[in-house]
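To start, the structure under review is shown below, and the notes come after it.
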Amino acid sequence: MTTHQATGFTVEPYPGLPLTVRDVGAGRPVLVLHGGGGPASVTGIVDHFAATSRVLAPTHPGWEDTPRPEWFSDVGDLVETYLDLLDDRDLRDVLVVGASFGGWVAAEMTVRDRARRIGGLVIMGAFGPEVEGHEVRFPTAPPGPPGPPPGQGSGAPAPAPASAPRRGPSPAALQAMVAYAGPTRSDPKLLHRLARVSVPALAVWGEQDTAVSPDFGRAYAAAIPGARFELIPGAGHIPTREAPEATFAAIDAFAAAIRQ
């Protein structure tokens with residue numbers, strides 16, 4: 001069943017699993033997959049591509065208060081759901097763009113794309129494989145307002161939630177990520193499976209990414225046949241937010257080249 005909305009739709013690929021998909025723009029299809037920060041973390045990417053392309057941007061079940069059945073519990077479940085989405089919409093030559101955790105899902109999609117729906121891959125600050133000597137640093141608790149200052153009793157009024165907006169993954173998002181990615185947030189076999197990727201690929205990394213280092217990104221790109229690696233000076237984990245001009249210039253040049 002498909003429920004249409006003003007800028008998207010909701011489908012139910014499995015009973016009890018509604019999937020919300022933002023659907024904007026027109027042209028070559030682009031699938032944008034968010035990371036732990038949720039859909040808001042890739043809004044700039046969606047808006048950028050929507051000017052020239054049709055963009056589908058699903059919300060991973062478990063983010064933004066969306067339901068995630070207990071059995072829907074690993075990266076492969078997301079991968080198969082999104083490949084089915086491309087099949088059901090009969091989309092071809094799709095550019096898949098994944099940030100952070102979404103990059104892991106995007107990379108695995110290209111490995112399993114037997115129907116050849118995907119025409120190109122872009123990953124940014126992505127994790128997923130195990131790279132020897134390079135640890136990925138994950139948040140252990142959602143950022144939030146600090147506790148009471150030293151000496152202040154428990155009777156002190158708590159700060160209003162609106163006065164200290166949360167940044168980063170919510171508790172529910174972190175819980176969903178652990179369910180999908182496992183306690184190590186990695187797949188020891190993924191680095192080897194990436195040799196099956198047969199579409200053009202680009203790895204974009206922030207020079208100052210402290211969560212997933214540029215050297216991790218270089219190893220990621222090296223495992224994908226023919227992949228390019230672009231380092232974005234001055235950017236951190238989400239380079240499209242921190243250095244949008246340079247990042248989109250690299251992505252647009254790649255997208256234009258693979259259309260030829």
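The values are calculated or read from the model by the stated rules, or taken from the named source; none is laboratory data. These figures come from a predicted structure and were not determined experimentally. Reconstructed Cβ throughout: ideal geometry from the backbone, glycine too, with neighbour counts over all protein chains shown. Accessible surface is based on the protein model in full, side chains and every heavy atom, while ligands, DNA and RNA are left aside. Shrake-Rupley method; radii C 1.70, N 1.55, O 1.52, S 1.80 Å.
Taking 0.36 nm per residue of separation and subtracting the current Cα-Cα distance, fully stretching the chain between residue 137 and residue 175 would add 12.1 nm. Taking every protein chain into account, the 1.4 Å probe leaves residue 81 with about 10 Å² of accessible area, to the nearest ten.
Ranking 13, 72, 26 by how far each Cα lies toward the positive end of the dipole of segment 1-93 (charges on Cβ) leaves 26 at the top. In the chain the Cα-Cα distances spread across 10 Å bins starting at 0 as 7, 31, 36, 18, 5, 2, 0 percent of all pairs. What the Cα convex hull of segment 1-68 gives, in volume per residue, is 84 Å³. Full extension of the chain between residue 7 and residue 192 yields a length gain of 62.8 nm, computed as 0.36 nm times the residue separation minus the alpha carbon distance. Springs join every pair of Cα atoms under 10 Å in this Gaussian network model of the chain, and among 77, 88, 47 the largest mean-square fluctuation is at 88. To put it simply, the accessible area of segment 169-260 at a 1.4 Å probe is 56 percent carbon and sulfur. Pull out a ≥ b ≥ c, the square roots of the eigenvalues of the alpha-carbon gyration tensor of segment 21-120, then state rounded if a/c is under 1.5, prolate if not and a/b is larger than b/c, and oblate in the remaining case. Oblate shape, in that a/c is at least 1.5 and b/c is the bigger or equal ratio. Model label sites at residue 252 and residue 40, defined 7 Å from Cα along the beta-carbon direction, differ in position by 2.7 nm. Each Cα pair under 8 Å and six or more residues apart adds its sequence gap; the mean of these over the residue count of the chain is a relative contact order of 17 percent. In this structure, the amide hydrogen of residue 235, modeled 1.01 Å from its nitrogen in the peptide plane, lies closer than 5 angstrom to those of 207, 208, counting only residues at least 5 positions away or on a different chain.
Between the residues 127, 243, 42, the greatest Cα displacement towards the positive end of the dipole of the chain, with unit charges on the Cβ of Lys, Arg, Asp and Glu, is found for 243. Computed about its Cα centre, the charge dipole of the chain is approximately 280 debye, with only Lys, Arg, Asp and Glu carrying charge at their Cβ.
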